[in-house]
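Notes for the one structure printed next.
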Protein chains: 2
Amino acid sequence: MLKSPLQIERGKYIPKMPTSLKGIVKIVEGEKTQSVADQDQIKAMFPNTYGLPILKFETGNEMKQYPAYKVGVVLSGGQAPGGHNVISGLFDGLKACNPDNKLYGFLGGPSGLVDNKYKELTADIIDEYRNTGGFDIIGSGRTKLETPEQFDMVHQNCKALGVNAVVIIGGDDSNTNACILAEYFAAKKTGIQVIGVPKTIDGDLKNEVVETSFGFDTACKTYSELIGNIQRDANSAKKYYHFIRLMGRSASHICLECALETQPNITIVSEEVEKKQMTLDQLVSEIAEVVVRRAEKGLNYGTVLIPEGVVEFIPEMKILISELNDILAEHEAEVAVLESNKDKRDFVASKLSKASSEVFNSLPNNISNQLMLDRDPHGNVQVSAIETEKLLMDMTKAKLKQLKKDGKYTGKFGALGHFFGYEGRCAIPSNFDADYCYTLGYTASLLISEGKTGYMASVKNLTKPADQWIPGGAPITMMMNMEKRHGELKPVIQKALVELDGAPFKKLVENRESWAMNSNYLYPGPIQYFGPASVSDVTTQTLLLEQSK
Amino acid sequence: MLKSPLQIERGKYIPKMPTSLKGIVKIVEGEKTQSVADQDQIKAMFPNTYGLPILKFETGNEMKQYPAYKVGVVLSGGQAPGGHNVISGLFDGLKACNPDNKLYGFLGGPSGLVDNKYKELTADIIDEYRNTGGFDIIGSGRTKLETPEQFDMVHQNCKALGVNAVVIIGGDDSNTNACILAEYFAAKKTGIQVIGVPKTIDGDLKNEVVETSFGFDTACKTYSELIGNIQRDANSAKKYYHFIRLMGRSASHICLECALETQPNITIVSEEVEKKQMTLDQLVSEIAEVVVRRAEKGLNYGTVLIPEGVVEFIPEMKILISELNDILAEHEAEVAVLESNKDKRDFVASKLSKASSEVFNSLPNNISNQLMLDRDPHGNVQVSAIETEKLLMDMTKAKLKQLKKDGKYTGKFGALGHFFGYEGRCAIPSNFDADYCYTLGYTASLLISEGKTGYMASVKNLTKPADQWIPGGAPITMMMNMEKRHGELKPVIQKALVELDGAPFKKLVENRESWAMNSNYLYPGPIQYFGPASVSDVTTQTLLLEQSK
């Protein structure tokens, strides 16, 4: 494999680990756990994996003989920086526990477990991927493991290969399914353990035992680099507003973290939009107001951060999208025969409720076309494909035109749009993510060797230097509650949205007026893997603020 | 000014300089020069600044007393990483030459010289901006200095302030104008010297005496970081083609350099498209062919690099755009009253030549709409606003659909578009650009102190360690030839396009088949300012290949 100079140097990096994992390790049981809500229901559904104690690994004094394992590992869902380090930490940990341990990678995501596609991960393969970005070592996929038929296939395949533990690296849904699988295997007395690892750049898999999901640090730093560069450009050229949409559909953690790193003029947080029950027009008015006030100071440039999923948090847009899904399903053929987009829009608008048709007609044509025409394979509006930055640019422009007519605005407004997502999901993991992921993988190997199942690898005390980190395991059931999914109540890991009374959001609110009216831009620059620890070893503002409370 | 951790650490960086500039410096005259072409005409137009010798600065042994200067500096045109270092090198050099020297920054680009907007740049201001990206220290602008009236204003303003030397940091056009201004001032015996500094991320200001323009290194590395990250994502998810458009309208140096850094599957080079007189359909067919052949190997993902300006290099598109400019100017009112875009397109198509109307009708609607509707203030098609990546994505998709129908393609094609430009123009300068720019500025201070005018600061031997660099000056007239601009022959600095027989392009051609069919992706990662020199101090592949010939 031909490698870039940085790839070569990163290959030599030795991830930092907690002191407690370096020599002889002992396991310490903590308190028994309860699920975050709906205890009775969750307990009934997970008789074998409910109520387990929190686990911690500490320095021990008695050398332990661990049994030999064959472990399968799977990468589930969207890429996040550090996945390869979880696998290399898992590999090294397994070899340290018992040199006879073997590691198999199931290929292309959870479907690899069902379809029995795998390869053995040996030292020479692992060494090629240490401290690299991407999930390409074994690939990833979005197949959901949730039916008994799938579980039986997995059981069969594991049995045939002799695999007696499976590590699932994924987000909240994948870890929910990991837990269901663990329970299923336990109930069937298959002897196969299942351990989860918390992955997602979105940052929405976190709770009292999981301080952060891996990849969030690196992805946010990559986006912040770009936002900072754009801000410096805006501040130099002084002629454009940059509307920057950031990945993260359900929660606005990425947007908030990047705002704390770069101090842009306007930051939209979906959770706040929903809390205030804002209309699209109100959101646009708020942006326009800042533009007007900056223009009064002679500042006709700036930056706006927009979370990818914000339209779904605007109540009227949510209703509109839901109505569109129904109308387009019912009238597909009628819409298809209409020749021009204008005719299609008029037809669709005539079928919408009065409120929704008003919203629909207020949208720029390119956006309403997109809502009508870009459908996913199930025929639904593709919310993630909506170019929300252009929607808001166009609507802000229209609003400012009106304000100019009314004599309330005399500035100049030029806007450019950006979307960042794929740019950060496979970045070379930061030192934090390289260390954190390696430790997570290593911890997973110990949970397996100790015979545990239904646990998620957990590493706490993350804002301290790595040698003081506290590795352990948390029963996945403790993170669960009952939620409606496709009309049915299901046990799921509670998603962590941005808390409007949390320290990170409060910091944004405290500074909002100053950041809006001045140009207090911060320029974080690219991720540094070498150099002073103040630059290369610091984690996210989100985690620092949350943990300092 | 609140600063990020990296901003703080970069503030401490001491740029590396050639040994020859570190102690006592002497100036050495080289050979007299000729312009690259049209010698008689250029000589006649520049009687005072033509035919001057190449200059070099070497270690001297006799301390020199330089006269005191008041120097004005201006940033012209688009941002490029390192502008602040040119200014800090200039400042430090001026203070070293004579502690009484003063530096004034003219604000907002060349218009600052005309409108007499300036501020004195003192040590405390300079110190805030050392090794930072952006042009915000004094701002930039695109006003062209080219009329005698403007020159007289500049003269008046300089005289009033006592400024007796002006440094213009800009691209080929700005340096052409710097030379015209130098000649004008010399002819009028104003005693005001003019020195140019070669800036542009586009990399198209280079020749035998200017090895590269500053900013190219940092901008390309920033784009390459992102391309590498996206490639790792493509290679992990294995389901998307990423069409990535890169800034650089006239020349494809950025695209070529990024290709050499990242090894994508397809790289479009505008100069080759023009040389081969390709049609849009041919270009799309070439992309589709690679997609088909990769699909046959089971690879339904990849990357395509597209230079921003490519449509202008496709002969039929160039003609179409030119016809559109004329038609829309003549029939503006008639087009405006038509209600739907379809009607507008039909009207416009009816006025085009047969060949152009065929091309126009072959374009996806969103692109033909853009060509018709997005006009610059002069009413012309905004070529830089054309979303060429989407054009090529849509047309490739249509082509593949046809191939599928014909039984020649059985793969899956999903595509995502990206555009990178503003993300790199104000990045924190790489060590190379920080050192190079500082040295350029320092060299400019010596050219001034030696009483030179009409020179561009030049630093050669750039692929060697900085202590071996050779600083000097090159008469700007030597880079000039006569070219038609707006129908008139003008003396201009010859733009450096990608040479199709040059080493960088040849390397692409040699590897094209292998990079297309395999996934030989390189992942350069983000710019590193610390760490091993192999990572942090290496310049572009373009420069390394050009200089190794």
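Candidates are the residues of the range B:220-273 that are of a type in the set (A, V, I, L, M, F, W, C), more than 14 Å from every other protein chain (Cβ to nearest Cβ) and assigned to a helix (DSSP H, G or I); the one that is surrounded by the fewest Cβ atoms within 10 Å (Cβ to Cβ) is B:VAL273.
Does the range A:254-272 contain any residue that is under 18 Å from B:GLU225 (Cβ atoms) and among the charged types (D, E, K, R)? Within the range A:254-272 (the criterion being under 18 Å from B:GLU225 (Cβ atoms) and among the charged types (D, E, K, R)), the answer is yes, since at least one residue qualifies.
Would you call A:TYR13 among the aromatic types (Phe, Trp, Tyr), in contact with a Gly (Cβ under 9 Å, 6 or more places away or on another chain) and assigned to a loop (DSSP other than H, G, I, E, B)? It is false that A:TYR13 is among the aromatic types (Phe, Trp, Tyr), in contact with a Gly (Cβ under 9 Å, 6 or more places away or on another chain) and assigned to a loop (DSSP other than H, G, I, E, B). Of the residues making up the range A:464-487, those that are closer than 27 Å to A:GLU272 by Cα and not in a helix (DSSP H, G or I) are A:MET480, A:ASN481, A:MET482, A:GLU483, A:LYS484, A:ARG485, A:HIS486, A:GLY487.
Criterion applied to A:ALA434, A:ALA457 was being of a type in the set (A, V, I, L, M), within 14 Å of chain B (Cβ to nearest Cβ), in contact with a Pro (Cβ under 9 Å, 6 or more places away or on another chain) and closer than 25 Å to A:PHE135 by Cα, and the one residue passing it is A:ALA434.
Of all residues in the range B:522-549, those that are within 7 Å of another protein chain (Cβ to nearest Cβ) have Cβ atoms under 6 Å from Cβ atoms of residues that are among the β-branched types (Val, Ile, Thr) and surrounded by 24 or more Cβ atoms within 10 Å (Cβ to Cβ), 6 or more apart or on another chain, in B:LEU522/B:THR262; B:GLY525/A:ILE428; B:PRO526/A:ILE527.
Scanning the range B:64-81 turns up no residue that is assigned to a helix (DSSP H, G or I), of a type in the set (Ser, Thr, Tyr), closer than 30 Å to B:GLY134 by Cβ and within 25 Å of the chain's Cα centre (by Cα). Of everything listed in (1) under 30 Å from A:ASN300 (Cβ atoms); (2) within 13 Å of chain B (Cβ to nearest Cβ); (3) within 22 Å of the chain's Cα centre (by Cα), the single unmet condition for A:ILE386 is (2). For A:TYR50, state whether it is among the aromatic types (Phe, Trp, Tyr), modelled with pLDDT of 95 or more and buried (at least 20 other Cβ atoms within 10 Å of the Cβ). Considered against the rule, which asks whether it is among the aromatic types (Phe, Trp, Tyr), modelled with pLDDT of 95 or more and buried (at least 20 other Cβ atoms within 10 Å of the Cβ), A:TYR50 comes out as yes. Do we find that B:ILE125 is within 22 Å of the chain's Cα centre (by Cα), under 27 Å from B:ALA427 (Cα atoms) and of a type in the set (A, V, I, L, M, F, W, C) in this structure? It is false that B:ILE125 is within 22 Å of the chain's Cα centre (by Cα), under 27 Å from B:ALA427 (Cα atoms) and of a type in the set (A, V, I, L, M, F, W, C).
In the range B:336-350, is there at least one residue being exposed (fewer than 14 other Cβ atoms within 10 Å of the Cβ) and touching a residue at least 24 places away in the same chain (Cβ under 8 Å)? Within the range B:336-350 (the criterion being exposed (fewer than 14 other Cβ atoms within 10 Å of the Cβ) and touching a residue at least 24 places away in the same chain (Cβ under 8 Å)), the answer is no, since none of the residues qualifies. On the stretch given as the range A:16-53, residues that are of a type outside the set (Ser, Thr, Tyr), outside any loop (DSSP other than H, G, I, E, B) and over 22 Å from A:MET482 (Cβ atoms) total 9. Inside the range B:363-400, residues that are basic (Lys, Arg) and under 18 Å from B:LEU352 (Cβ atoms) make up a count of 1.
The residue of the range B:82-120 that is surrounded by the fewest Cβ atoms within 10 Å (Cβ to Cβ), among those that are of a type in the set (Val, Ile, Thr) and within 21 Å of the chain's Cα centre (by Cα), is B:ILE87.
A single member of A:GLY487, A:GLY525 is assigned by TED's automatic domain parsing to the domain that holds A:GLU257 and at positive phi, and it is A:GLY525.
Kindly evaluate A:SER20 against the criterion of being touching a strand residue (DSSP E or B) at 6+ places or on another chain (Cβ under 8 Å), at pLDDT 95 or above, more than 14 Å from every other protein chain (Cβ to nearest Cβ) and over 16 Å from A:GLY454 (Cα atoms). So A:SER20 passes the test.
Filtering B:CYS158, B:CYS179 for residues that are over 26 Å from the mean Cα position of the chain (by Cα), buried (at least 23 other Cβ atoms within 10 Å of the Cβ) and more than 14 Å from chain A (Cβ to nearest Cβ) leaves a single hit, B:CYS158. Do the conditions hold for A:GLY170, that is, is it buried (at least 24 other Cβ atoms within 10 Å of the Cβ), of a type outside the set (Phe, Trp, Tyr), in contact (Cβ under 8 Å) with a residue 40 or more places away in the chain and over 23 Å from A:VAL538 (Cβ atoms)? Yes: the conditions hold for A:GLY170. Does A:THR200 fit the bill of being surrounded by 24 or more Cβ atoms within 10 Å (Cβ to Cβ) and within 14 Å of another protein chain (Cβ to nearest Cβ)? Spelling it out, it is not the case that A:THR200 is surrounded by 24 or more Cβ atoms within 10 Å (Cβ to Cβ) and within 14 Å of another protein chain (Cβ to nearest Cβ). Applying a threshold of 7 Å to beta carbon distances and a minimum spacing of six or more residues, or different chains, the list of pairs starting in the range B:33-47 at a residue that is modelled with pLDDT of 95 or more and ending at one that is of a type in the set (S, T, N, Q) and not in a loop (DSSP other than H, G, I, E, B) reads B:SER35/B:THR477; B:SER35/B:ASN481; B:VAL36/B:ASN481; B:ALA37/B:ASN481; B:ASP38/B:ASN481; B:ILE42/B:THR477; B:PHE46/B:THR477.
The values are calculated or read from the model by the stated rules, or taken from the named source; none is laboratory data. The structure displayed is predicted, hence computed values, not measured ones. Every residue, glycine among them, receives a Cβ derived from its backbone with ideal geometry; neighbour counts consider all protein chains shown.
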